[in-house]
Ligand SMILES: CCOC(=O)Nc1nc2cc3nc(NC)[nH]c3cc2c(=O)[nH]1
Ligand SMILES: [Zn+2]
């Protein structure tokens, strides 16, 4: 009996949106679902109780960062990510390919491995598919991402094909290197912005024994319409009975547009990173809380939000940022994560009612109006 199970209980009649539940050894994830990013084994500035209170069920850690610091053997000796962080829910680790390629600029990719320079001490790191799986098994995450080869866009067609074909070979090496049956492996579809390549890659990966499938190589600066075109072209070639995870996405509109095209799981730094930078998401668009207009505004960020930040006035939140108090970034991170989870909960309910398209239209109207 597998430790992992994915069940769809509603399929939206008018879109490709699905409502499901992904069961892991550390509990269930309601889908569509959003995973807060905890790159260095912490969702920045929040305790795990605060993260849980936002409604998050599954969080994301990053293999590349944790392998560099404190080292995956150290994490294992400290009880793995669950023992170290005390987060008892599901954890997904992406092996950080994106961080490598975006943060460091990959020094080189050979058939054997990706070689890059550590952003901490400049040391040369060589990451093979096998080592990436070994690291993630030490971290003890519930879901491990395969090591893939991501090319920066725009890229020469030959380079896109080459990286996509290497990613498939590396995905097979990751499966062969796996030793834990209580850790799922998710494949990552590559293929740039070429719908035909994406379909080929998805079809090939779907024939392999993965518990889930991610769409990579997006949210790397391409226009939203291009992202939506690629997810719409890729999902039909992925198994219907496995979770689909769109990496690094996105804004609230991106979440809904991609749920409509068949995506089940998301992760993005936006709610936390923008929160730390004094930007709050609301149903009527984004609020830049440092703006002087909020100076004596007694209203909460969002009257419909039950989070701890929304018990305060906008004026107080603005003061915290102007005074550079650490509570400011913490409260806005909590609000933004709560907001993202609320959107996902509303989306799940709308799919159950068969009214997802109506829901998306209503939300987009609010987001595109001017915040008050
Ligand atoms: C190296 C394999 O593990 C990975 O995490 N690969 C991977 N991660 C990604 C993360 C991304 N974040 C964004 N936008 C913020 N886009 C991403 C793409 C990938 C990816 O293609 N591949
Ligand atoms: Zn709030």
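For region 154-175, does any single residue satisfy the condition of being under 19 Å from the mean Cα position of the chain (by Cα), part of a loop (DSSP other than H, G, I, E, B) and in contact (Cβ under 8 Å) with a residue 24 or more places away in the chain? No, region 154-175 contains no residue that is under 19 Å from the mean Cα position of the chain (by Cα), part of a loop (DSSP other than H, G, I, E, B) and in contact (Cβ under 8 Å) with a residue 24 or more places away in the chain. Residues of region 285-309 that are closer than 25 Å to residue 345 by Cα, more than 11 Å from ligand 2 (Cβ to nearest atom) and touching a helix residue (DSSP H, G or I) at 6+ places or on another chain (Cβ under 7 Å): 285, 299.
With 250, 221, 212, 217 as the choices, which residue is touching a helix residue (DSSP H, G or I) at 6+ places or on another chain (Cβ under 8 Å), within 27 Å of residue 38 (Cα to Cα) and touching a residue at least 12 places away in the same chain (Cβ under 8 Å)? Can you show your working first?
Values: 221 fails: touching a helix residue (DSSP H, G or I) at 6+ places or on another chain (Cβ under 8 Å); 212 fails: touching a helix residue (DSSP H, G or I) at 6+ places or on another chain (Cβ under 8 Å); 217 fails: touching a helix residue (DSSP H, G or I) at 6+ places or on another chain (Cβ under 8 Å).
Exactly one of 250, 221, 212, 217 is touching a helix residue (DSSP H, G or I) at 6+ places or on another chain (Cβ under 8 Å), within 27 Å of residue 38 (Cα to Cα) and touching a residue at least 12 places away in the same chain (Cβ under 8 Å), namely 250.
Each residue in region 6-47 was checked for being assigned to a loop (DSSP other than H, G, I, E, B) and surrounded by fewer than 16 Cβ atoms within 10 Å (Cβ to Cβ), and 5 of them qualify.
Is it the case that region 252-266 has a residue that's more than 18 Å from residue 346 (Cβ to Cβ) and assigned to a helix (DSSP H, G or I)? There is no residue in region 252-266 that is more than 18 Å from residue 346 (Cβ to Cβ) and assigned to a helix (DSSP H, G or I). Look through region 291-314, keep the residues that are surrounded by fewer than 15 Cβ atoms within 10 Å (Cβ to Cβ) and farther than 22 Å from residue 49 by Cα, and return whichever of them is nearest to the chain's Cα centre (by Cα). If we take residues in region 291-314 being surrounded by fewer than 15 Cβ atoms within 10 Å (Cβ to Cβ) and farther than 22 Å from residue 49 by Cα, then 303 is nearest to the chain's Cα centre (by Cα). Scanning region 266-284 for residues that are within 15 Å of ligand 2 (Cβ to nearest atom) and surrounded by fewer than 23 Cβ atoms within 10 Å (Cβ to Cβ) yields 274, 278, 279, 282, 283, 284.
Conditions (1) buried (at least 24 other Cβ atoms within 10 Å of the Cβ); (2) within 16 Å of ligand 1 (Cβ to nearest atom), marked per residue:
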| position | (1), (2) |
| --- | --- |
| 242 | no, no |
| 245 | yes, yes |
| 249 | no, yes |
| 254 | no, yes |
| 258 | yes, yes |
| 264 | yes, no |
| 289 | yes, no |
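When region 215-240 is filtered for residues that are under 20 Å from residue 348 (Cα atoms) and buried (at least 22 other Cβ atoms within 10 Å of the Cβ), the ones remaining, listed by number, are 231, 235.
Among residues of region 301-315 that are over 15 Å from residue 333 (Cβ atoms) and assigned to a loop (DSSP other than H, G, I, E, B), those with a beta-carbon under 8 Å from a residue that is near ligand 2 (Cβ under 6 Å from one of its atoms) and at pLDDT 95 or above at least six positions away or on a different chain give the pairs 303/310; 306/338.
Among all residues of region 352-364, there is none that is within 16 Å of ligand 1 (Cβ to nearest atom), touching a helix residue (DSSP H, G or I) at 6+ places or on another chain (Cβ under 6 Å) and not in a loop (DSSP other than H, G, I, E, B). May I ask you to verify whether residue 96 is under 22 Å from the mean Cα position of the chain (by Cα), at pLDDT below 95 and surrounded by 16 or more Cβ atoms within 10 Å (Cβ to Cβ)? Judged against the criteria, residue 96 is a match.
The values are calculated or read from the model by the stated rules, or taken from the named source; none is laboratory data. As the structure is a computational prediction, the values presented were derived from the model and not from experiment. Neighbour counts are summed over all protein chains in view; Cβ atoms, including those assigned to glycine, are modelled from backbone coordinates with ideal geometry.
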